[in-house]
Amino acid sequence: MKQRLVIIGAGMASGRVIEHLVETDPDAFDITLFNAEARGNYNRIMLSPVLSGEKTYEEIVTHDSDWYAAQGVTCRFGESVSGIDPTMKVVSGQSGHLPYDKLIIATGSAPFIIPVPGKDLPGVVTYRDLDDTNAMISAAGKGGKAVVIGGGLLGLEAAAGLAERGMEVTVVHLMGHLMERQLDEAAGYLLRKDLEGRGISIRTQASTKAIIGAGRAEAVLLEDGETLPADLVVMAVGIRPETRLATDAGLTVARGIEVNAQMQTSDPDIFAVGECVEFDGQLFGLVAPLYDQAKVLARSLLEGVDAFIAKDTATKLKVTGCDLFSAGDFAEGEGREDIVLRDPARGIYKRLVIEGDRLIGAVMYGDTADGNWFFQLIKDGTDIDEMRETLIFGPAFQGGDTADPLSAVAALPREAEICGCNGICKGTITDAIAGGATDLAAIKAATKASASCGTCTGLVEQVLQVTLGDDFVMPTAQPICPCCDLTHEDIRLLIKSQELKSKEAVWQELGWKTRNGCHICRPAVNFYLLADWPLEYQDDPQSRFVNERKHANIQKDGTFSVVPRMWGGITNPAELRAIADAADKYDVPTVKVTGGQRIDLLGVKGEDLPYIWADLNKAGLVSGHAYSKGLRTVKTCVGTDHCRFGTQDSTGLGIKLEQALWGSWTPHKVKLGVSGCPRNCAEATCKDVGIICVDSGYQVSVAGAAGMDVKETERLCDVGTEQEAIDVTIAFVQLYREHAKYLDRAYKWVAKVGLDWVQARIADPEERARLIAAFELSQSIYRKDPWAEHAKTAERYQPLANLTLEAAE
Amino acid sequence: MNWIDIGGIDEIPLRGARKIKTALGCVALFRTGEAEVFATTDSCPHKGGPLSEGIVHGQSVTCPLHNWVFDLNTGQAQGEEGAISTYPARVEAGRILIDATKLASRSAA
């Protein structure tokens, strides 16, 4: 007599199990198949093309009622199973009990619903089955706005599909970058760029607080208070194994239904397969392992021999035109090394993770043609030591010569494209060289190669070197740091011209060779982005030197010094008392007057910083930015108020300047001085900007120094009014912000560009007005007291944990 | 191994660090990726700079005092004679775990 086999769930896994069973031994079992959905099996991973309109439901059906009938399977579709009794070996359905000899649970998984208010409102859908897909298609038919919660595989496919159907889509994602489980940040950046190019808005690090609406979903409210209007809300934050039946039946369930290598649950006659399963601590959401399971399960039922082995899996996103690939383990870890290739012009990023002499992970974006080859290397554990040098170039490159860049360039055919921006091929360049061009500038002039984005400059130079041999000397422009071959100046230029507005954009578009820069380039790039895009760019504290991150100067013993601002050097008894009290309260060992006429509290413990700031804030004192690459102080003399020689109100002007400029970030520190007469008691003539008040007005001079170099200022201009003196100063500081290399003091920068050039820019009324407006715009964000803001997050200044007890045990 | 939970991963900024106090001095805890942490001694062997105040890049940290760069895997200084001690740390379900046995057995450096 045939054994009775009952299967719960008609999905991709159980479909495959039945195929294997009937192929091998059609007479072994009498099969009954339950399915809560009123239909047979379809290829669930093709729902995204259905959503986007590229495929129809009919095209993705794999096993319909006719197929099951032909195999002799009894189908109970549209009927959900309410319980399993393992003792009686009976399954209860809506239309009665059914005994079994063997049972397979293939209930798959259920979408995870985040428990926010409004989650049950009409207009909120999940993305799991055909009904969800149809609900989205019909909602999209009305147009309007959609918010997709979840920037993982599923969420992005939903977003792309809805955008394809004409909705205005915003993706809300909790983590720092999209698909963080499959992609690293760099690939995540490219994906984001791609999606934004399709008009999809992306909010990362955004947490959903509630879905709001009267009667139906109207908007998504984020934790930061922002409201995103939504006619449709798709919740695609993840799935979890559907284990309710197994739990109720008393089977062993962890995150999923636990099975052994024969796909057997804790009850020997009950098996489980697919996404509802947990094997060896792992869950399975992709189709390849699930098909492996199906095969093993069929063989276990028939012969009881096979064993399932969990293998690595690869991921691809099913959004047309987004080429991404991720396989294996690409997390960083002990003893792991990266090989990174970025080709900004073509939007390509590849990263291989190597452990010892094995490839263990790969992430690729833009060009995934070699993905399967890499995946094979990962799965096979191939020894890649021999091909390590050229591994990242893929299979086509293996077995060739060692990768000498010059020989590679020499081997390029005449028609090989060198400059992608201008479409210049190698032959055009060698022709120009034959025509007399012997350096980069001449090539640029003759061919336009490397004249646009400049990223091919190195290649052009290599062509020059290969063609001219010893007649060409490779230029030695100082690159910013070993992470990138470009100079500071080139990077600044490219950030502006290519409108790069994030660090990830810079890393990718300018071909960074490291994953996230280093302590040399990160602070520089952070400043450049902040200076060029004050409204769009979010300052990154982790790219700042400790002094700026902690808003105090680190001292040799790891303590900090704190300098409150005294506008123009003026203070009063109340402020002095507050400073004295703070010095007492926080055991400040040294109180000193600085070179810029401010009071320095030295030796404050890092953990005390937020508290001493809060105390000083209470007395009206704010941060003096004595730690910043920004405005430090404006030193003044007493001027007309008290001095018999004073010609103008130098203290008043100093206060106005300090109040205009404070909080601004600059390439290096900026110090100002205002002296009331040519006796120059404020020593204004060795400052970045020095103003000498005279009877006829104000002499503004710039580019002085009294540090590593000592240098007198040079006269920028003479002006008649105080307002003009302020305007000229602001315009100069903004010009310096826009053009100087990070960590060049103003005098070094002026020496490079020439005082004439600076004078001409400042003298041009239109340019001056633009500079002042740009500075004010930036100040609308940055003219704030960092102490007050950081005092609110005092716990961040405390140790994360105190293990003195544990460690002593 | 004696893994103890010392806090949530979100309590350390991405590419940032926090320190933890132990009976034998401070240990720096670095976060280099979405869910990746490293633990080392907090003190630079050069002049004692607090490494938890440094800039974290790749799987390295740069000392804030004189820019010595340390590999967080091995503790080895880059291009210099010197190394820092490293301690096992890992992240599980968003929580940071550190091996207290290794911490307790470290020499009072």
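The listed peptides A:136-146, A:103-113, ordered by packing as a protection proxy, come out as A:103-113, A:136-146 (highest mean of other Cβ atoms within 10 Å first). Taking amide H positions as modeled 1.01 Å from N, with prolines and chain starts lacking one, the residues under 5 Å from A:Ile418 and 5 or more places away or on another chain are A:Ile424, A:Cys425, A:Lys426. Summary of packing: across the peptides A:555-567, A:657-669, the per-residue average of other C-beta atoms within 10 Å ranks them, highest first, as A:657-669, A:555-567. Using the Cβ-Cβ distance between A:Leu535 and A:Ala28 with R0 set to 56 Å, the FRET efficiency from 1/(1 + (r/R0)^6) comes to roughly 0.20. Among A:Phe397, B:Ile98, A:Thr713, flag the residue with its Cα farthest along the positive direction of the charge dipole of the protein assembly as shown, charges on Cβ as +1 for Lys/Arg and -1 for Asp/Glu. In the protein assembly as shown, that residue is A:Thr713. When only the Cβ of Lys, Arg, Asp and Glu is charged (+1, +1, -1, -1), the dipole of chain A relative to its Cα centre reaches about 2380 debye. The label-point distance for A:Ser266 and A:Lys618, in a model that sets each label 7 Å from Cα toward Cβ, rounds to 5.9 nm.
Shape class for the range A:1-94, computed from the alpha carbon gyration tensor (a ≥ b ≥ c): oblate, with a/c not under 1.5 and a/b at or below b/c. As a proxy for reagent exposure, A:Val253, A:Val169 were ordered by neighbouring Cβ count within 10 angstrom, fewest first; the result is A:Val253, A:Val169. Take each residue of peptide B:96-105, count the partner chain Cβ atoms within 10 Å of its Cβ, and average: the result is 2.
Helix A:521-532 axis versus longest C-alpha principal axis of chain A: approximately 80°, rounded to the nearest ten. For the peptides A:680-689, A:531-540, the ranking by mean Cβ contacts within 10 Å, running from highest to lowest, is A:680-689, A:531-540.
Ordering A:Met179, A:Met167 by the number of other Cβ atoms within 10 Å of each residue's own Cβ, fewest first, gives A:Met179, A:Met167.
What fraction of the Cα pairs in chain A, stated in percent, has a spacing above 49 angstrom? For chain A, the fraction of Cα-Cα distances above 49 Å is 38 percent. With contacts taken as Cα pairs under 8 Å at a separation of at least 6 residues, the range A:622-718 carries a relative contact order of 23 percent.
Going by neighbour counts of Cβ atoms within 10 Å, the residues A:Cys419, A:Cys484 line up, fewest first, as A:Cys484, A:Cys419. Against chain A, whose longest principal axis comes from its Cα atoms, helix A:457-468 is set at around 80 degrees. By the beta carbon rule, with partners counted only under 4.7 Å, chain B holds these lone Cys residues: B:Cys26. Going 7 Å from the Cα of A:Ala751 toward and past its Cβ, which residues in the range A:678-719 have a backbone nitrogen under 19 Å from where you end up? Within reach of a label on A:Ala751: A:685-690, A:701-716. Other protein chain C-beta atoms within 10 Å of residue C-beta, averaged over A:551-564: 2. When the Cα atoms of the range A:577-633 are aligned to their principal axes, the ranges along those axes come out at 28, 22, 20 Å in descending order. Can you find, among A:Ile655, A:Ala217, A:Ile239, the residue farthest towards the positive end of the dipole of the protein assembly as shown? Put +1 on the C-beta of Lys and Arg, -1 on that of Asp and Glu. Farthest towards the positive pole: A:Ile655. For the range A:216-371, the relative contact order comes to 12 percent (Cα pairs under 8 Å, sequence separation of at least 6). Computed from the C-beta positions of A:Ala441 and B:Lys47, the FRET efficiency with R₀ = 56 Å rounds to 0.75. A simple spin-label model places the labels of A:Glu79 and A:Asp709 9.0 nm from each other, with each point 7 Å out along Cα-to-Cβ. Computed on chain A, with alpha-carbon pairs under 8 angstrom and 6+ residues apart, the relative contact order is 7 percent.
The angle between the Cα long axis of helix A:371-380 and the main principal axis of chain A comes to about 70°, on a 0 to 90 degree scale.
When every Cα-Cα distance of the range A:533-658 is counted in 10 angstrom steps from zero, the calculated P(r) takes the values 12, 39, 31, 15, 3, 0 percent. Per-residue mean of foreign Cβ neighbours for B:15-21 is 6 (Cβ atoms of other chains, 10 Å radius).
Quick check: the distance between the Cα centres of the range A:145-180 and the range A:250-320, to the nearest angstrom? The two parts, judged by their Cα centres, are 29 Å apart. Using only side-chain charges placed at the Cβ, +1 for Lys and Arg and -1 for Asp and Glu, the dipole size of the range A:338-378 relative to its Cα centre rounds to 120 debye. Beyond 14 Å, the tail of the calculated P(r) for the range A:722-796 holds 67 percent of the Cα pairs.
From the alpha carbon centroid of the range A:96-116 to that of the range A:694-769 is 74 Å. The charge dipole of chain B, taken about the Cα centre with unit charges on the Cβ atoms of Lys, Arg (+1) and Asp, Glu (-1), comes to about 240 debye, rounded to the nearest 20. Each helix, a run of at least 4 DSSP H residues, gives -39500 (n - 2.57); summed and divided by the residues of the protein assembly as shown, these come to -8500 deg cm²/dmol at 222 nm. Let me make sure I get this right: for chain B, a, b and c are the square roots of the gyration tensor eigenvalues over alpha carbons, sorted descending. Under 1.5 in a/c it's rounded, otherwise prolate if a/b > b/c, else oblate. Which is it? Verdict is oblate for chain B.
Distance between the 7 Å Cα→Cβ label points at B:Thr101 and A:Ile113: 4.5 nm. Based on alpha-carbon atoms, the Kirkwood radius and the radius of gyration of the range A:669-788 give Rg/Rh equal to 0.96.
Taken together, the values in this text are just the output of simple stated rules run on the coordinates, not laboratory data. Computed from a predicted structure; not experimentally measured. Cβ atoms come from the backbone with ideal geometry, glycine included; neighbour counts cover every protein chain shown.
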